[in-house]
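Read through the structure below, which is laid out as structure tokens, and then see the notes.
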Amino acid sequence: MLNTLLAQYNITDIIDFGCGDGNQISMLRGIDSYLGIDVSAEAIKLCQQWCKNIANPRWMLLSDYRSETAEAALSLDVIYHLVEESIYEQHLHLLFGAAQQLVVIYGEDKDLIPTTKHILHRKFTDWIKQYYPQWCLANTITVPQTNTSFYLLRAHLPAFVKTFTPLTGRRLG
């Protein structure tokens, strides 16, 4: 399903925030450049070992991330694990700062009462509308027999407007 979505938007260059064990890259096809980023050094080691036969992936600890960008930024099954508000917001800022054309979030877009201290579901599209109004929801695809969907967001302003800093010193995105 993800391959079809990326092909529809001609995406061949990806940053994956929260790559985990590298499972996503094993399923992707037609990708020229992949950068998997995670907070866990152990996860990065697993990726490096497990994905040796894949020609194009790069792996990086989040602490080493230096504003690299790609056509698409992914956050797949990550957001609900970010229970601290500041970490959640930092993740979304990184995601939208790294994406040139498309953001793909896989998760549940609803506020739910927490049932465990390690999971917190939020209506992230409301946050995105508030902080990144230049990005619009282009598509939502629910995965059958789950409560989870792919949310595709596209910048609806030209890329140069997103990064332009006006004389006021305020950044527009």
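The number of residues in the stretch 111-145 being within 19 Å of ALA99 (Cβ to Cβ), outside any strand (DSSP E or B) and in contact (Cβ under 8 Å) with a residue 24 or more places away in the chain comes to 7. Being closer than 18 Å to ILE25 by Cβ and assigned to a helix (DSSP H, G or I) holds for only one residue in GLN90, GLN49, and it is GLN49.
If we scan the stretch 92-101, do we find a residue that is among the hydrophobic types (A, V, I, L, M, F, W, C) and over 25 Å from SER40 (Cα atoms)? The answer is no; no qualifying residue exists.
The single condition among (1) surrounded by fewer than 13 Cβ atoms within 10 Å (Cβ to Cβ); (2) out of contact with any strand residue (DSSP E or B) (no Cβ under 8 Å at 6 or more places or on another chain); (3) not aliphatic (A, V, I, L, M) that GLU89 does not meet is (1). When the stretch 83-111 is filtered for residues that are of a type in the set (Val, Ile, Thr) and farther than 13 Å from LEU152 by Cβ, the ones remaining, listed by number, are VAL83, ILE87.
Exactly one residue out of ALA41, ALA7, ALA55 is on the phi < 0 side of the Ramachandran plot, at pLDDT below 85, loosely packed, with under 14 Cβ neighbours inside 10 Å and of a type in the set (A, V, I, L, M): that is ALA55. May I ask you to verify whether LEU35 is modelled with pLDDT under 95 and surrounded by 20 or more Cβ atoms within 10 Å (Cβ to Cβ)? Considered against the rule, which asks whether it is modelled with pLDDT under 95 and surrounded by 20 or more Cβ atoms within 10 Å (Cβ to Cβ), LEU35 comes out as yes.
The values are calculated or read from the model by the stated rules, or taken from the named source; none is laboratory data. The shown structure was predicted, so the numbers you read here are calculated from the model rather than taken from an experiment. Ideal geometry is used to build each Cβ from the backbone, glycine not excepted, and the neighbour counts take in all protein chains shown.
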